[in-house]
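The values are calculated or read from the model by the stated rules, or taken from the named source; none is laboratory data. Only a predicted model underlies this, so the values are computations on that prediction, with no experimental measurement involved. Neighbour counts are summed over all protein chains in view; Cβ atoms, including those assigned to glycine, are modelled from backbone coordinates with ideal geometry.
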Amino acid sequence: MARTGRGTRYHDSGMALPRKRYGIDVFPIEHEGQPLFVVRDAEGVIDDGIGLPLIVGLVWDLLDGRRAATDIQDFIAEHARGVKIPSEAIERIVRQLDEIYLLDTDRLQARRREIREEFGRAVLRPARFAGKGGYASEATELEKELERYYAGDFGAGHPDRGAHAPLRGALAPHIDFHRGGSCYTHAYRRIAEAQPADVYLVLGVAHASPEPPFIPTIKSYDTPLGAADIDRDFVEALLKRTKRAGLDHELTHRTEHSAEFQAVFLRHARRQTSAFTFVPVLCSAFERHCGEKSPSTAAIIEDYIGALRETITGCGRTVCIIGGVDLAHVGPRFGDRVAVDERLIERMTEGDKKSLAAIAAGDPEGFWASVMDEGNWRKVCGLSAIYTTLRLLEGARGELLRYTYAPDPAGGLVSFAAAAFS
């Protein structure tokens, strides 16, 4: 592992520079006419949205743990019409990158240990995105914000608080509220109007994609509207059945928004009814275990779904299952070498229609095939969570409530939907 120190002079020694940190999302944007690289860190070591000047992003991308400062000099000169960056400037950039935890150094590992210890001591999983562009951090303002989504042109309208028929489950987006808030309301109006469930099992997406297919937690989720309290009995029964599988990756919950956004809307939808408990389980990429084949062919996935089903059946309470999911992610921002135009929109929506038809039919295998038969070119990030939701809702009747899509600021499209199951 690379070490850094203010006394190290890479340009004098010819030493290899530290390796860049992998597993983070770096993409180009233009801000006020200037090109930048934006960093998003699903691990949460740094705050999302940090911007790097073009030259800093370029140096970072070249740090493979083998190149020295002179190697980077030569590479840039060869590909940038002879521009030669002083070695001292490269070293300065490297130190700056280490300061913000973008290099694989002892400093990064020390910060990771601090984060694990802090999270381990916490009783509540904090509302990470409150007041940071995600949603309002103060309860009154958040209430107003959510009410605006219900009342807006594309919202579902305010719920009728009278008790209606039970609801077995729902799908809601996990895109940010600014782009998808109105779509959330179509799922959460149904949840608010249904007979209250005792337990809400939320299947979110582990965007950091750790190896275990499922990542549970024993922590409640805090929100500005009050905590969504974990159902300890349910979780302990699940952990017993699964031999605590995935719990060693519980830290993934710390920065994941897909379950947090459901906790916020759920607290709002249930604020005038009896108490409930909350069980967030994040779903990682199933393809690691089954490839393009059905997840039912992978014992590690099938056994966990069986344990979830047994825990639901055996808990002696009513359980509503919520999938916090988005659909397609297409365009240059997501690695596609195509323009965002009507042709791309048509291709994306046609693929989404096939997937949504399988969802409405309650057909998990048909849904999986609708994505994988196309090689998952749409990059459906809710793939694993939707499949699991449909498996657990076997026999339920689905209803598509709303489907739409929104632009990604860096050049792309994200589609999402709301559905209900009875």
- Item | Where Ile100 falls short, out of the listed (1) over 21 Å from His207 (Cβ atoms); (2) more than 20 Å from the chain's Cα centre (by Cα) | (1)
- Task: Scan (1) under 26 Å from Val281 (Cβ atoms); (2) over 16 Å from the mean Cα position of the chain (by Cα); (3) not charged (D, E, K, R) for the single condition Gly152 breaks and write down its number.
- Result: (1)
- Go through the residues of segment 89-110 one by one and say whether even a single one is loosely packed, with under 13 Cβ neighbours inside 10 Å and closer than 18 Å to Tyr221 by Cβ. no
- Of the residues that make up segment 208-217, is at least one polar (S, T, N, Q), in a loop (DSSP other than H, G, I, E, B), surrounded by fewer than 21 Cβ atoms within 10 Å (Cβ to Cβ) and touching a residue at least 40 places away in the same chain (Cβ under 8 Å)? yes
- Among residues of segment 332-357, those that are free of Cβ contacts under 8 Å to residues at least 24 places away in the same chain and either surrounded by 15 or more Cβ atoms within 10 Å (Cβ to Cβ) or polar (S, T, N, Q) (or both), counted: 3
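Output the residues belonging to segment 222-246 that are at negative phi, surrounded by fewer than 17 Cβ atoms within 10 Å (Cβ to Cβ) and either at pLDDT below 95 or not acidic (Asp, Glu) (or both).
If the condition is that a residue be at negative phi, surrounded by fewer than 17 Cβ atoms within 10 Å (Cβ to Cβ) and either at pLDDT below 95 or not acidic (Asp, Glu) (or both), then Arg232, Lys240 are the ones that fit.
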- Query: Can you name every residue in segment 246-263 that is in a helix (DSSP H, G or I) and either under 23 Å from Cys183 (Cα atoms) or of a type in the set (Gly, Ala, Ser) (or both)?
  - Reply: His257, Ser258, Ala259, Glu260, Phe261, Gln262, Ala263
- Answer with yes or no whether Arg267 is surrounded by 20 or more Cβ atoms within 10 Å (Cβ to Cβ), within 23 Å of the chain's Cα centre (by Cα), charged (D, E, K, R) and assigned by TED's automatic domain parsing to the domain that holds Pro213. yes
- Task: State yes or no: is His174 crowded, with 24+ Cβ neighbours inside 10 Å, assigned to a loop (DSSP other than H, G, I, E, B) and of a type outside the set (Asp, Glu)?
- Result: yes
- Note on the structure: If we ask which residues in segment 334-389 are of a type in the set (S, T, N, Q) and closer than 25 Å to Ala307 by Cα, their number turns out to be 3
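Conditions (1) assigned to a strand (DSSP E or B); (2) touching a Gly at 6+ places or on another chain (Cβ under 9 Å), marked per residue:
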site: Ile321; (1), (2): yes, yes
site: Arg347; (1), (2): no, no
site: Lys354; (1), (2): no, yes
site: Ile359; (1), (2): no, yes
site: Ser370; (1), (2): no, yes
site: Glu374; (1), (2): no, yes
- Message: Restricting to segment 25-69, and then to whatever is modelled with pLDDT under 90 and closer than 17 Å to Arg107 by Cα, can you tell me which residue is surrounded by the fewest Cβ atoms within 10 Å (Cβ to Cβ)?
- Response: Asp47
- Single residue of Ser274, Ser296 found to be over 13 Å from Ala385 (Cβ atoms), polar (S, T, N, Q) and assigned to a helix (DSSP H, G or I): Ser296
- Task: Of the numbered conditions (1) outside any helix (DSSP H, G or I); (2) buried (at least 17 other Cβ atoms within 10 Å of the Cβ); (3) small (Gly, Ala, Ser), Gly316 fails exactly one; give the number of that condition.
- Result: (2)
- Message: Test of understanding: among Ala208, Ala237, which residue is within 20 Å of the chain's Cα centre (by Cα), small (Gly, Ala, Ser) and in the same structural domain as Val279 (by TED's automatic domain parsing)?
- Response: Ala208
- Which numbered condition trips up Arg190, out of (1) crowded, with 21+ Cβ neighbours inside 10 Å; (2) under 25 Å from the mean Cα position of the chain (by Cα); (3) closer than 30 Å to Met15 by Cβ? (3)
